[in-house]
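As C-alpha cells, the structure follows; a few thoughts come after it.
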Amino acid sequence: MVFEPSAELKQFLETIRKFVEKECYPVEMEIEEKGEVPEHIIKGLCQLGLFGVTTPTEYGGLGLSIIDYCLILIELSRTNAAVRSQITTNNGVGSKGILFDGTEEQKKKYLPSLASGEKMASFALTEPGAGSDASAISTTAVKKGSNWAINGTKYFITNAPRASIFTVLALTDKEKRARGGITAFIVEKGTPGLVIGKIFKAMGNVGSKPAEVIFEDCQVPEENIIGGPKMVGQGFRTAMKSLNEARITLSASMIGFAERALKLARDYAKIRVQFGKPIAENQAIQWMLADSATEIYASRCMLFDAAARVDAGQKVDAMCSMTKVFASEMLCRVTDRSLQIHGGTGYIKESPIEHLYRDARMFRIVEGTSEIQRMIIARDVLKD
Amino acid sequence: MKIGVLMKQVPDTETKIRIKDDASGIVVDGIKWVMNPYDEYAVEEALRIKEKKAGSTVTIISMGPKRSVETIRTGLAMGADSGILIDDPALEGADCYATAKALAKVMEPENFDLILCGKQAIDDDSAQVPQMVAEFLGMPQAMVIDKLVVSDDGKKATCYRRIEGGAKEVLEVDLPAIVAAEKGLNEPRYASLPGIMKAKSKPFKEINLGALGLKAEEVGAKGAKLKVKKYFLPAEKAPGKIIPGEPEDAARALVKMLREEAKVV
Ligand SMILES: Cc1cc2nc3c(=O)[nH]c(=O)nc-3n(C[C@H](O)[C@H](O)[C@H](O)COP(=O)(O)OP(=O)(O)OC[C@H]3O[C@@H](n4cnc5c(N)ncnc54)[C@H](O)[C@@H]3O)c2cc1C
Ligand SMILES: Cc1cc2nc3c(=O)[nH]c(=O)nc-3n(C[C@H](O)[C@H](O)[C@H](O)COP(=O)(O)OP(=O)(O)OC[C@H]3O[C@@H](n4cnc5c(N)ncnc54)[C@H](O)[C@@H]3O)c2cc1C
C-alpha cells in the first residue's frame, strides 16, 4: 500500500516542516517554561490555514480528506504537543459535531470563523465523575421557556481558556442517558453562567491548558442545540462520531512525535562517543533504533489503512481503536528508548526528548484510554 | 506598480556539500533545492508593496535549470502573479556577468517600476548580480537594504541600510530602481495551501536564448569573464587539544605550544 500525496500537498507539507523547524523549534523551551504557545506561532498556524483542514471549502476550510489531514498532523507533530493541540479542537471534536449533525444555519454561523482560526473551539464532555464512562455525566440541561439552562462542571477541557465556542454534552433525560438522554449544545464564550475554572498543570502537552468549565444556570437558546430541537437526546451519538474520527487523527500525531524521537536518538547515537566509539556502533543501541523504526512503520501502515477506510465512508470503529491503542503504546516505547539512548542528557530539561517523553504519556489516556480501546476491539472480535 | 523579483534556486542551507570527483562542481544528486533565503525577503517585500498599492503586480524571474520551476511556484504560492524562467543548456557555466546580462535582457521589455532581489545567493555568495543588472538596465541601485519605503506616488524609494558602528545610511532613489534585500527587511510569509493550489494556474513562461535574442557566445560559459578552475572543500579542522594538569601548569604548557608549535606569540 503506497499512499502518495498530490504535488500541491507535498509542497504544503514541506512548508509545514519548514514552519516547525524555523518557528517552533526555537520556542520549545519557552513553551515548556511559560506554559503557553506564543502568539506568533498561533498566527502562523492561522496563516497556513491549519485550523480548518478538513472543513469543507464552502465553510472556509481547506476541504481535505482525513488522510491528507493525517499527513499534515505528522509534520506538525514534530514539535511540542501543545502546538498541534492549538489546531486539533477546531479541526476535530470542537467542530465535527456541528459539521456532522448541525443545521445549515449553525454550520454557516460557526464553521468559517473556526476554520480561519479567528475563534477557537473546545469540546466539553469529561466530568469529575464521568471519564471513560462518558454516559455517567451529571451536567444537566433543563428547558426554561425557549431557552435551556445548563448546570454542572466539566474538567480537563483542552483549550478552554482560549475558546470562544464550546460543544457541551449535557443530560436532558436522566433515565435514558446515552440512549436518547444526552444532548449536544453550542455555548458561546460570554454567555452568562459560563465560567472557566481551574487551569490544570499537566505533566505534558504543556501549553494546551486543560481547564475546568463550570455552568451555573447558563442559558442558551434552543437554536444552539446541535442539529436543532429535533436532535434533543441525540448528542451522545454526535460526540461518539467525532471521537471516533479523532482516534485516527490523534494517531497521526503520535507518528510525528515518534519519528522526531527516533531522529533525535539516531543523531545523538551517532555523535556520542563512549568506550572509544559512537554508541550507535553497539548492537544494544542499534536494536533499540531498529525496534523503534519497525513499530513506527507498523503504526504508519495501520494509520493509512484506517484513514483510507474512514475517507471511503466505511464503519471501522475497531480499526480506529486498534490504530490508537497501538500507536499510543508504540509512542511511549519509542520515546522511552530514545531517552535511554540519550543517557543522562535525556533526563535534562534542555533536551527535547525530555518533554517528548512526557508529552507521549498523555496519548494512552485521552480520547479513550488504552483499556477502553481494547474493550471496543474485543467487543468487535467477540461479536460473531 | 509593476514589480519584478529576481529569484535563484539554491541548495538547502542544511545540505552537506560534496565535490565531484573531477572537481568541476558539486554533486547535485539528492540535494534539496529551496528559494535563496535573501530572495524570500525580496518576494515578501514585493507582496507587501502590492498589498498596499492597488493594481500592482509581482513577477518572479529566475535563471536556472528546469527544476527552478518549483521554486518559482513557491513564490507564486506566496502570492506573486506570474513567473518567467530563463532556461537554456547554453547557459551552463554562466558567471555573474553573463547571468546579469541574460536577466537584464529578459526584464528590459517588462518595464518594471521596481526590481527587488536578495543581496546575494547563498550558494556562490558572489553578491554581484544585482549591481550588474542595474548597470545593464541603467537603473539606480540600493544594495543590502533592511527597510524600504516606496513613496505614495510610486516615483521614489527610500532605502535604509546598516553601516559600520551601528549607524544607518538612508538612500533615496528614483524609480525604476533595483533594490537588494538584507535579512531583517521583513518576515517572509509561508505559502498556504490555497496559495499553492492557485499557483498552478498562474501565468508562467519559459524562455530560451533564442527567444531572448541572445547568442550563446554572449552568455553562459562562453560569455563568462570568470572561469572556475576547480572546487574543493576547506581542509577539515584538526580536533582541539585538551591540556591536562593544574591550571597554572596547563597555562604554561599552552603558552609554550603557542610559541613553539603554532608560532603565534
Ligand atoms: C491533557 C488532557 C486533555 C483532555 N482534554 C479533554 C477535552 O478537551 N475534552 C474532554 O471532554 N475531555 C478531555 N480530557 C479527558 C479525557 O478524555 C479523560 O481523561 C479520559 O477519557 C479518561 O477518563 P478519566 O481521566 O476520568 O479516567 P477514568 O475513566 O477514571 O479511568 C481510570 C482508569 O480506569 C480504566 N478503566 C475505566 N473503565 C474501565 C473499564 N470498564 N474496564 C477497564 N478499565 C477501565 C481506565 O482505562 C484508566 O486506566 C482530557 C484529559 C487530559 C489528561
Ligand atoms: C539526575 C542525574 C543525577 C546524576 N548524579 C550524578 C552524580 O551525583 N555523580 C556522578 O558522577 N554522576 C551523576 N550522574 C551521571 C550518571 O551516572 C550518568 O548519566 C550515567 O552514568 C550515564 O552516562 P551518560 O549520561 O554519559 O550516558 P552515556 O554513557 O553516554 O550513555 C548513552 C547511552 O549509550 C549506552 N551505552 C554506552 N556505552 C555502551 C556500550 N558499550 N554498549 C551498549 N550501550 C552503551 C548507555 O546505556 C545509554 O543508553 C547523574 C545523572 C543524572 C541524570
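Which angle between 0 and 90 degrees, to the nearest 10, do you get for helix A:235-271 versus the longest principal axis of chain A when only C-alpha atoms count? For A:235-271 against chain A, the angle is about 20 degrees. At 1.567 mPa s and 4 °C, plugging the Kirkwood radius over alpha-carbon pairs of the protein assembly as shown into Stokes-Einstein gives what diffusion coefficient in µm²/s? This corresponds to a translational diffusion coefficient of 46 µm²/s.
Buried on complex formation within segment A:6-26 (loss of at least 10 square angstrom of accessible surface versus the isolated chain, 1.4 Å probe, ligands and nucleic acids ignored): A:E8, A:Q11, A:F12, A:E14, A:T15, A:K18, A:F19, A:K22, A:E23.
Mind telling me which of A:P56, A:P112, A:P229 comes out most flexible in a GNM of chain A, alpha-carbon contacts under 10 Å? Among A:P56, A:P112, A:P229, the largest GNM mean-square fluctuation belongs to A:P229. Note on A:M319: accessible area is roughly 70 Å² with a 1.4 Å probe, heavy atoms of protein only. Mean-square fluctuations from a GNM of chain A, with a 10 angstrom spring cutoff on Cα atoms, peak among A:A163, A:A130, A:A261 at A:A130. Taken about its Cα centre, segment A:257-384 carries a charge dipole of about 220 debye when Lys and Arg each add +1 at the Cβ and Asp and Glu each add -1 at the Cβ. Close amide H pairs (under 5 Å, H built 1.01 Å from N) link B:G83 with B:I60, B:F204, B:K205, residues at least 5 positions away or on another chain. Each part reduced to its alpha carbon centroid, segment A:168-203 and segment A:228-272 end up 23 Å apart.
How high is the relative contact order of chain B? Use alpha-carbon pairs under 8 Å, at least six apart in sequence, and give a whole percent. Intermediate values should be presented prior to the final figure.
On the way: 504 pairs, mean separation 64.2, N = 265.
Once normalised by length, the contact order is 24 percent.
Take every pair of alpha-carbon atoms less than 8 Å apart whose residues are at least six positions apart; their mean separation over the length of chain A yields a relative contact order of 16 percent.
Find the Rg to Rh ratio for segment B:1-117, where Rh is the Kirkwood radius over alpha-carbon pairs and Rg uses the same atoms. Intermediate results must be reported in sequence, preceding the final value.
Details: Rg = 15.2 Å, Rh = 15.1 Å.
Rounded to two decimals, Rg/Rh equals 1.01.
When the residues A:Y297, B:Y160, A:Y59 are ordered by accessible surface, computed with a 1.4 Å probe over the protein chains alone, the sequence from largest down reads A:Y297, B:Y160, A:Y59. Phi-derived couplings, Karplus 6.51 cos²θ - 1.76 cosθ + 1.60 at θ = phi - 60°, listed residue by residue for segment B:135-150: 4, 4, 8, x, 10, x, 10, 10, 9, 6, 9, 10, 8, 9, 10, 8 Hz, with x used for Gly and Pro.
Computed on the Cα atoms alone, the convex hull of segment A:225-384 gives a volume of 135 cubic angstrom per residue. A run of chain A free of exposed loop cleavage sites, with trypsin sites (Lys or Arg not before Pro) counted only in DSSP states other than H, G, I, E and B and at most 14 other beta carbons within 10 Å, reaches its longest extent at A:1-173.
Interface area, chains B and A: about 1300 Å² of buried accessible surface, summed, with a 1.4 Å probe and ligands, DNA and RNA left out. Principal axis analysis of the Cα atoms in chain B yields extents of 73, 45, 39 Å, listed in decreasing size.
Would you mind pulling out the separation of the Cα centroids of segment B:29-46 and segment B:94-133, in Å? With segment B:29-46 and segment B:94-133 each reduced to a Cα centre, they are spaced 15 Å.
Tell me the angle of helix A:81-91 to the major Cα principal axis of chain A, expressed in degrees between 0 and 90 and rounded to the nearest ten. Value to nearest ten degrees: 30.
Among B:E40, B:E246, B:E164, the largest mean-square fluctuation in a Gaussian network model of chain B (Cα springs under 10 Å) belongs to B:E246. Based on the reciprocal of the average 1/r between different C-alpha atoms, the Kirkwood radius for segment B:50-138 equals 14.0 Å.
Please report, as a whole percent, how much of the solvent-accessible surface of the protein assembly as shown comes from carbon and sulfur atoms (probe radius 1.4 Å). Display every interim value, and only then the final one.
Working: 16800 of 31290 Å².
On the protein assembly as shown, the fraction of accessible area on carbon and sulfur atoms equals 54 percent.
Computed log10 I(q)/I(0) for segment B:172-265 at 0.14, 0.18, 0.20 Å⁻¹: -0.97, -1.14, -1.13, from the Debye equation with unit scatterers placed on every C-alpha and solvent omitted.
Taking all protein chains together and a probe of 1.4 Å, list A:C301, B:C159, A:C332 from the most accessible to the least accessible. If you can, show how the numbers build up before the last one.
On the way: A:C301 50, B:C159 0, A:C332 25 Å².
Putting A:C301, B:C159, A:C332 in descending order of accessible area: A:C301, A:C332, B:C159.
If you place +1 on the Cβ of every Lys and Arg and -1 on the Cβ of every Asp and Glu, how big does the dipole about the Cα centre of the protein assembly as shown come out, in debye to the nearest 20? Working shown, then result.
Working: 88 positive and 87 negative charges, 157 e Å.
With Lys and Arg at +1 and Asp and Glu at -1, about 760 debye.
For segment B:2-223, the per residue solvent-accessible surface stands at 47 Å², with DNA, RNA and ligands left out and a 1.4 Å probe. In the protein assembly as shown, the DSSP-assigned H stretches of four residues or longer account for a calculated mean residue ellipticity at 222 nm of -13000 deg cm²/dmol, using -39500 (n - 2.57) per stretch and the full residue count as denominator.
Students often get this wrong, so check it: of B:K32/B:K101; B:K32/B:K183; B:K53/B:K200; B:K8/B:K32, which have C-alpha atoms separated by over 20 Å? Intermediate results must be reported in sequence, preceding the final value.
Details: B:K32/B:K101 28 Å; B:K32/B:K183 22 Å; B:K53/B:K200 25 Å; B:K8/B:K32 14 Å.
Beyond 20 Å between Cα atoms: B:K32/B:K101; B:K32/B:K183; B:K53/B:K200.
Ignoring aspartates and glutamates fewer than eight residues from A:K34 along the same chain, the ones with Cα atoms less than 15 angstrom from its Cα are A:E350. Accessible area per residue (1.4 Å probe, heavy atoms of protein chains only) ranks A:L9, B:L258 as B:L258, A:L9, with the largest value leading. Rounded to the nearest 10 square angstrom, A:E36 shows an accessible area of 90 square angstrom against a 1.4 Å probe. All alpha carbon pair distances within chain A were sorted into 20 Å bins beginning at 0; the resulting P(r) in whole percents reads 28, 57, 13, 1. Computed over segment A:1-151, the Cα gyration tensor eigenvalues convert (square root of 5λ each) into semi-axes of 31, 21, 15 Å, ordered from largest to smallest.
Per residue, segment A:310-367 exposes 44 Å² of accessible surface when a 1.4 Å probe is rolled over the protein heavy atoms with every protein chain present.
Dipole size in debye (nearest 20) for chain B around its Cα centre, Lys and Arg Cβ +1, Asp and Glu Cβ -1?
Values: 40 positive and 41 negative charges, 53 e Å.
The calculation lands at about 260 debye.
Determine the residues within segment A:46-62 where the difference in accessible area between the chain on its own and the full set of protein chains amounts to at least 10 Å²; count protein heavy atoms only and use a 1.4 Å probe. Residues passing the criterion (a loss of at least 10 Å², heavy atoms only) are A:Q47, A:L48, A:L62.
The values are calculated or read from the model by the stated rules, or taken from the named source; none is laboratory data. For clarity, every value in this text was computed on a predicted model and none was experimentally measured. Positions of Cβ are generated from backbone atoms using ideal geometry, with glycine treated the same way; all protein chains shown enter the neighbour counts. Surface areas here come from the heavy atoms of the whole protein model, side chains and all, with no ligands, DNA or RNA. Shrake-Rupley method; radii C 1.70, N 1.55, O 1.52, S 1.80 Å.
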